[in-house]
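Just below is one structure, and these are the notes that go with it.
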Amino acid sequence: MTQLQFTLAPDPEDEAREKGRLMFAGPVTFVKGVVAMSGLPPADRIEVCFAGRSNVGKSSLINALTGRKTLARASNTPGRTQEINYFALGETRYMTDLPGYGYAEAPVATVRKWQELLKAYLAGRQTLRRAFVLIDARHGVKAVDEDILKLLDRSAVTFQAVLTKVDKINRAERDAVIEQVKGALAKHPAAYPELVVTSSEKGDGIETLRAIIATLE
């Protein structure tokens, strides 16, 4: 079987960049926090989700994408968010923030509840076009990430790896972690073959990610 060649996502074309800019400059609203499948809003538009282990910088990235500093709340206690948080991008997209995973101090019963909700959501949301799996550039893909990647494979949900906090490492470390991530993703059939490298603080990769979300069909 031929393996996909993983590359860095290219800079967006002008049209896609502008489409992304307009989408995220428009209304972005918090819809609801969902704790059970019965609470999901109507599946009437394209949906993307963000997943990542606790403390990977998910809230910071969502805030950077939307240009709103407090849209997604970063908790001082990793693993505290236990809901699927829904945000509407105008009338055409839902963006969901999934509960952080891999936080060892969360109660076992709580972790099981998150996992069950996550599995049900990923397997049963027909309008979900892509999952963005956030990987901390300081650490690369860890064992705890493999669980979510395998779940996405089984759910047949296309996922795209997004490296976060790239401003925290030097160029040599960046190149090394990119190669590590490429190697890890090569084992996963649901992986989209382009990586997005981001920094919420510096703005790296934000336009690219906006354009990807805005142009999904």
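Just a few scattered comments:
- The accessible area of Glu83, taken with all protein chains in place and a 1.4 Å probe, comes to roughly 70 Å².
- Three-way shape call for region 96-171 based on the alpha-carbon gyration tensor, with the a/c threshold at 1.5: oblate
- Computed over protein heavy atoms with a 1.4 Å probe, the carbon and sulfur contribution to the accessible area of the chain reaches 49%.
- Shape summary: the chain maps onto an equivalent ellipsoid whose semi-axes, from the alpha-carbon gyration tensor, are 23, 21, 18 Å in decreasing order.
- Potential lengthening between Phe30 and Arg138 on full extension [0.36 nm per residue; Cα-Cα distance subtracted]: 35.9 nm
- Share antiparallel - DSSP beta bridges, the chain, percent rounded to 5: 30 percent
- Share, in percent, of DSSP beta bridges within region 97-217 that are antiparallel, nearest 5: 0 percent
- Per residue, the average separation of C-alpha pairs within less than 8 Å and at least 6 apart gives the chain a relative contact order of 30 percent.
- Computed accessible area, His188, all protein chains, 1.4 angstrom probe, square angstrom: 10 Å²
- One Cα centroid belongs to region 1-60, the other to region 144-217; the line between them spans 12 Å.
- Take Thr92: with every protein chain present and a 1.4 Å probe, its accessible area is about 70 Å².
- Exposure rank, largest accessible area first [Ser60, Ser38, Ser54; 1.4 Å]: Ser38, Ser60, Ser54
- Within the chain, helix-based [θ] at 222 nm, where runs of 4 or more DSSP H residues each add -39,500 (n - 2.57), nearest 500: -11000 deg cm²/dmol
- Cα-based shape type of region 88-217, given that a ≥ b ≥ c are square roots of the gyration tensor eigenvalues and the cut on a/c is 1.5: oblate
- Once the 1.4 Å probe is applied to the protein heavy atoms, the chain comes out at 50 Å² accessible per residue.
- Shown are Met37, Met95, whose ranking by accessible area with a 1.4 Å probe and every protein chain present, most to least, is Met37, Met95.
- The slack in the chain from Thr127 to Leu22, taken as 0.36 nm per residue of separation less the alpha-carbon distance, amounts to 35.6 nm.
- A Förster distance of 22 Å, applied to the separation of the beta-carbon atoms of Met37 and Lys187, puts the FRET efficiency at 0.15.
The values are calculated or read from the model by the stated rules, or taken from the named source; none is laboratory data. As the structure is a computational prediction, the values presented were derived from the model and not from experiment. Counting neighbours? That spans all protein chains shown, and the Cβs are built from the backbone with ideal geometry, glycine included. Only protein heavy atoms, including side chains, enter the accessible area calculation; ligands, DNA and RNA are left aside. Shrake-Rupley method; radii C 1.70, N 1.55, O 1.52, S 1.80 Å.
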